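Notes follow the structure.
Here, each number is a calculation from the coordinates, and none is a lab measurement. Remember, predicted model here, so these are calculated numbers, not experimental data. All Cβ positions, glycine included, derive from the backbone under ideal geometry; neighbour counts span all protein chains shown.
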Amino acid sequence: MIELIDIQKVYRTSTVETVALEEVNIDIKRGEFVSVMGPSGCGKSTLLNIAGLLDLPTNGRVLIDGRTTEGMKDKELAAFRNKMIGFVFQSFHLINELNVIDNVELPMLYSNGISAKERHEKAIYAIEKVGLGHRMKHYPSELSGGQCQRVAIARAIAAGTSILLADEPTGNLDSRMGEEVMQILFDLNTQGTTIVMVTHDEKLAKQTGRILRFFDGRQVFSQVNSSLKQEDHVV
Amino acid sequence: MWFSYLKLVFAGMAKNKFFTALSLFGISSTVMIIMTVVLLFENSVAPRKPESRLDEMLFIKRVKVVVKDQSVSIGNVGRRLAVEYLAKLKTPALINVSSTDRFEIFYQGKLISQQVIVTDPNYWRIYDFDFIKGRSFNLAEYNAKAQVVVISSSLSNYFFGSLDVIGKMIKLRSQEYRIVGVVKDPPYTSTNCFAEAWVPSSLIDIPAESEGSGSWSGECYLTILPNTPADKQRVIDDVNDLMRKLNIRLASKKTTVTLTGPDDAKTVYVRGYQSDEEFKGVTQFYLKWVSFILLFLLLPSVNLMSLNITRIRERATEIALRKAFGASRGVLVKQLLIENIILTVIGGVIGLTMAYAVLRIFAYQLFNVSPDMGDVDLVITVNISAFILTLLVCFIFGIFSGIIPALRMSKLNPAEILKGGNK
Ligand SMILES: Nc1ncnc2c1ncn2[C@@H]1O[C@H](COP(=O)(O)OP(=O)(O)OP(=O)(O)O)[C@@H](O)[C@H]1O
Ligand SMILES: [Mg+2]
């Protein structure tokens with residue numbers, strides 16, 4: 001589903017050059033639930049942004065659903081993100097001026113050929129999926145952190161996107177709310193959504209299908225949990 | 001998509017009350033000033049009763065008489081030139097000669113000084129007055145130099161209240177006149193028709209031709225209504241022809257008589273602000289105005305632009321989110337511009353309303369009329385073209401002030417903005 005080939009990412013400012021990713025090769029299959037772990041600054045968020053077409057790699061290629069994204073114009077990338085990819089962020093990033101349902105509808109405002117009614121229905125469906133059917137008209141300030149993150153998840157999946165990229169989705173939540181959110185992610189994964197999640201929580205990561213470990217911009221380890229088999233990727 | 005988007009725009013405006021108020025103030029005060037001038041112009045040249053056919057009319061109001069090495073005089077058209085020459089043109093048209101003056105009007109101990117139009121029967125055919133009672137004076141009365149008068153309903157009320165006035169006698173400049181008709185008051189904005197009474201001009205003698213400027217310049221102005229709009233040019237040609245012949249004849253007396261016009265109503269109005277030497281046509285005048293408006297818009301545009309730029313940081317997350325979830329740069333720029341235009345249009349409508357209010361409050365000063373009768377309603381309308389102009393101005397305004405902030409916002413890197421922990 002997501003193929004990263006020989007990815008390199010270098011951040012250049014006038015004074016420093018930071019190599020955030022180096023020789024990264026990852027193939028994430030449809031329906032997988034992958035955790036990305038590693039110390040702070042090792043390039044996890046950078047990886048997620050590149051996989052989600054939010055940022056371009058300095059070198060290397062990104063294939064989504066078998067299609068190469070190289071050379072795509074801003075407009076095509078935007079359309080691609082809209083159709084295929086949903087994002088969940090550590091700090092939720094809901095729009096405070098909009099209520100739950102309007103927040104969830106937001107990505108679909110940019111989808112082509114979807115009627116207002118359809119949009120509304122899809123949003124309601126997604127909100128019910130994350131268990132907030134009774135909070136449709138609430139504003140973010142009236143919700144708990146866990147509820148906010150669930151709204152964010154609903155927003156990410158409402159359009160029917162098949163890839164969910166979550167950067168520390170439980171990072172701002174206490175463990176009970178974190179588990180609630182995780183449960184929703186597991187459910188979504190069971191229903192077929194491909195999920196890549198950055199986390200610092202070893203326990204959560206262990207529950208996912210595979211853990212990718214990063215160090216200093218390189219992927220150093222890939223651990224498949226289901227078979228409890230560990231393979232070293234020496235790169 | 002637009003409904004949800006608008007909802008967000010208004011939510012944003014409500015949240016940032018200070019910003020909204022500040023920008024609205026800048027826009028609306030600018031639009032107010034521009035539209036006051038525009039409405040003033042439009043209402044002065046608007047064809048409305050009794051000037052319903054204003055667009056078809058031609059006017060001759062000014063004449064310049066030069067007697068070589070002696071004198072130059074500019075004034076209204078002399079009665080002799082108006083009646084004996086211009087009004088006798090064979091052109092297919094109705095030609096009226098009028099003059100306006102203040103008369104002392106007297107009835108049973110009440111005396112009032114009012115504007116009176118001294119005119120001929122064609123006047124009533126060119127202008128479509130509403131007669132509340134009676135009729136206009138006719139050709140027979142005119143030729144017989146009958147002392148008859150048509151008065152406005154406000155003058156009628158002032159002297160007679162609700163009494164029937166037809167046939168009653170009132171005094172104008174100590175002469176007895178018989179009232180034959182009462183008309184609905186023409187609006188103050190009507191430069192050609194505003195008066196309280198109308199009397200036949202046959203009562204005034206036509207001066208004999210004399211040396212100098214005396215017989216050529218005077219107190220009259222002509223209104224010409226060509227039979228068909230296509231005859232307009234013919235009228236102009238005929239008048240020019242007549243004047244050429246007159247000037248050939250006057251050459252021996254070293255006298256040159258030059259008319260201003262025949263002009264249409266808009267030209268007459270524009271000329272009112274310029275000397276004949278300055279006047280370069282109505283289009284030129286409009287262009288001058290348009291460039292002035294654009295220049296005038298620059299300041300509040302820059303102001304709004306800087307306000308918008310200061311808000312970029314505040315709005316970064318929202319913009320980044322939109323990008324992450326699939327808004328392309330182009331769509332984003334379009335949205336931000338539309339948002340800005342919505343703001344300017346709201347400001348514009350407020351400004352237009354304020355301009356209308358200013359015109360109503362200061363109408364007498366702005367239209368340069370002095371209504372002592374008091375009970376006449378002032379007719380000021382905001383027509384479609386003024387409204388469209390407002391929208392256009394706001395549109396330009398919105399684009400001016402929105403494009404740079406919008407482009408900047410669209411270039412924000414969402415990855416950078418959305419990552420990280422607590423915001
Ligand atoms: N816009 C940027 N400009 C310059 N350097 C950057 C930029 N973004 C990230 N970096 C650098 O790239 C490296 C990887 O950053 P990244 O945000 O991907 O780390 P991370 O693994 O997500 O860390 P954390 O766990 O703290 O979120 C870091 O050294 C960081 O300083
Ligand atoms: Mg990170």
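Which net charge results when you count Lys and Arg as +1 and Asp and Glu as -1 among the other residues whose beta-carbon is under 14 Å from that of A:Pro107?
Spelling it out: positives minus negatives among the neighbours equals +3.
Where the only charges are on Cβ atoms (+1 Lys, Arg; -1 Asp, Glu), what is the dipole of the protein assembly as shown about its Cα centre, to the nearest 20 debye?
Values: 74 positive and 66 negative charges, 132 e Å.
Once rounded to the nearest 20, the dipole reads 640 debye.
Pairs B:Lys68/B:Lys245; B:Lys61/B:Lys232; A:Lys75/B:Lys15; B:Lys49/B:Lys232: which are spaced more than 27 Å apart, C-alpha to C-alpha?
Correct reply: A:Lys75/B:Lys15.
Hey, can you rank B:299-306, B:114-121 by average C-beta count inside 10 Å, highest first? Intermediate results must be reported in sequence, preceding the final value.
Values: B:299-306: 17.9, B:114-121: 21.2.
Top of the packing list down: B:114-121, B:299-306.
Would you list which aspartates and glutamates come within 15 Å of B:Lys266, measuring only between C-alpha atoms, while excluding same-chain residues fewer than 8 positions from it?
Hits, sequence-local ones excluded: B:Glu42, B:Glu51, B:Asp55, B:Glu56, B:Asp276.
Provide the per-residue ³J(HN,Hα) series for region B:194-209, in order, calculated from phi with Karplus coefficients 6.51, -1.76, 1.60 and θ = phi - 60°, each as a whole number of Hz, with x at glycine and proline positions.
5, 6, 10, 8, 10, 10, x, 7, 5, 6, 9, 6, 8, x, 6, 5
Number of Lys-Lys pairs in region A:100-235 under 18 Å by Cα, sequence gap 8 or more or different chains?
5
What net charge do the residues around B:Ile179 carry, taking every other residue with its C-beta under 14 Å from that of B:Ile179, with Lys and Arg at +1 and Asp and Glu at -1?
Result for the neighbourhood of B:Ile179: +1.
Read phi for every residue in region B:13-25 and hand back ³J(HN,Hα) as whole Hz from Karplus 6.51 cos²θ - 1.76 cosθ + 1.60, θ = phi - 60°, with x for Gly and Pro.
Computed from phi, the couplings for region B:13-25 are 5, 5, 6, 9, 4, 5, 4, 4, 4, 4, 5, 4, 4 Hz.
About the Cα centre, and with charges only on the beta carbon of Lys, Arg (+1) and Asp, Glu (-1), how big is the dipole of chain A? Nearest 20 debye, please.
In debye, rounded to 20, chain A gives about 420.
Projecting each Cα onto the charge dipole of the protein assembly as shown (Lys/Arg +1, Asp/Glu -1 at the beta carbon, about the Cα centre), which of A:Phe186, B:Phe41, A:Val220 comes out farthest on the positive side?
Positive-most Cα among the choices belongs to B:Phe41.
In a Debye calculation with equal point scatterers on the alpha-carbon sites of region B:58-263 and no solvent, what is log10 I(q)/I(0) at q = 0.07, 0.12, 0.15, 0.18 Å⁻¹?
At q = 0.07, 0.12, 0.15, 0.18 Å⁻¹ the computed log10 ratios are -0.24, -0.66, -0.95, -1.21.
Could you state the number of Å between the C-alpha centres of region B:114-191 and region A:137-158?
77 Å
Could you work out [θ]222 nm for chain B from helices alone, using -39500 (n - 2.57) per DSSP H run of at least four and dividing by all its residues? Round to the nearest 500 deg cm²/dmol.
So the calculated ellipticity at 222 nm is -15500 deg cm²/dmol.
For chain B, take the longest principal axis of its alpha carbons; what is the angle in degrees between that and the long axis of helix B:282-310, to the nearest 10 within 0 to 90?
Result, in degrees: 30.
As a test, work out the antiparallel percent of DSSP beta bridges whose residues both lie in region A:2-234, rounded to the nearest 5.
60 percent
What aspartates and glutamates sit close enough to B:Lys171 to cross-link, taking a C-alpha to C-alpha distance under 17 Å and skipping anything fewer than 8 places away on the same chain?
Reachable aspartates and glutamates: B:Asp101, B:Glu104, B:Glu196.
What's the local net charge at A:Val151, with K and R +1, D and E -1, over the other residues with C-beta under 15 Å away?
Here the charged neighbours net out to 0.
For chain B, build the charge dipole from Cβ charges (+1 Lys, Arg; -1 Asp, Glu) around the Cα centre, then report which of B:Ile388, B:Ser202, B:Ile312 sits farthest towards its positive end.
Of the candidates, B:Ile312 comes out farthest on the positive side.
Could you tell me which of rounded, prolate or oblate describes the protein assembly as shown, using a ≥ b ≥ c as the square roots of the eigenvalues of the alpha-carbon gyration tensor, with rounded for a/c under 1.5 and, failing that, prolate when a/b is larger than b/c and oblate otherwise?
prolate
Let me make sure I get this right: for region B:81-190, a, b and c are the square roots of the gyration tensor eigenvalues over alpha carbons, sorted descending. Under 1.5 in a/c it's rounded, otherwise prolate if a/b > b/c, else oblate. Which is it? All intermediate terms of the calculation are to be shown ahead of the outcome.
Numbers: a/c = 1.88, a/b = 1.71, b/c = 1.10.
Verdict is prolate for region B:81-190.
Tell me the angle of helix B:384-410 to the major Cα principal axis of chain B, expressed in degrees between 0 and 90 and rounded to the nearest ten.
Tilt of helix B:384-410: around 20 degrees.
Could you quote the convex hull projected area for chain B, Cα atoms only and averaged over all directions, in nm²?
Reported value for the Cα convex hull: 27.7 nm².
Gap in Å between the Cα centre of region A:53-79 and the Cα centre of region B:56-76?
77 Å
What shape does region B:152-204 take by its C-alpha gyration tensor, where a ≥ b ≥ c are the square roots of the eigenvalues and a/c under 1.5 counts as rounded, a/b above b/c as prolate, and the rest as oblate?
In terms of gyration-tensor shape, oblate.
Using just the helices of chain A, give the 222 nm mean residue ellipticity in deg cm²/dmol: DSSP H runs with n ≥ 4 each add -39,500 (n - 2.57), and the total is spread over all residues, rounded to 500. The partial results should precede the final answer.
Details: 7 runs with 74 residues, N = 235.
Value at 222 nm, helices only, nearest 500: -9500 deg cm²/dmol.
Check B:Ala195: other-chain or 5+ apart residues with amide H under 5 Å from its amide H, H built from backbone geometry?
Hits under the 5 Å cutoff: none.
Using a Förster radius of 41 Å, what is the FRET efficiency between B:Ile361 and B:Lys334 based on their Cβ-Cβ separation? Nearest 0.05, please.
Using R0 = 41 Å, I get an efficiency of 0.55.
Looking only at chymotrypsin sites (Phe, Trp or Tyr not before Pro) in DSSP loops with at most 14 other Cβ atoms within 10 Å, what is the longest site-free stretch of chain B? All intermediate terms of the calculation are to be shown ahead of the outcome.
Working: sites that count: B:Tyr273, B:Phe362.
The segment B:1-272 is the longest one with no such site.
Using a simple charge model, +1 on the beta-carbon of Lys and Arg, -1 on the beta-carbon of Asp and Glu, nothing else, what dipole does region A:1-78 show about its Cα centre, in debye to the nearest 20?
Approximately 180 debye in magnitude.
Please list 3J(HN,Hα) in residue order for region A:40-52, calculated via the Karplus relation 6.51 cos²θ - 1.76 cosθ + 1.60 where θ = phi - 60°; whole Hz, with x for glycine and proline.
With coefficients 6.51, -1.76 and 1.60, one gets 4, x, 7, x, 5, 5, 4, 4, 4, 5, 6, 5, x Hz.
Looking at A:Met177, A:Gly31, A:Thr199, which one has the Cα that reaches farthest to the positive end of the dipole of region A:2-234 (charges on Cβ: Lys, Arg +1; Asp, Glu -1)?
Checking the options against the dipole of region A:2-234, the answer is A:Gly31.
Using amide H atoms built 1.01 Å from N in the peptide plane, name the residues 5+ places from A:Ala166, or on other chains, whose amide H lies under 5 Å from its own.
Long-range HN contacts for A:Ala166: A:Val88, A:Val196, A:Met197, A:Val198.
Can you tell me the 0 to 90 degree angle between the C-alpha axis of helix A:74-84 and the longest principal axis of chain A, rounded to 10?
70 degrees
Long-range amide H contacts for B:Asp185: which residues qualify at under 5 Å (H placed 1.01 Å from N, peptide plane, sequence gap of 5 or more or a different chain)?
Close amide H contacts, sequence-distant or interchain: B:Ser153, B:Ser154.
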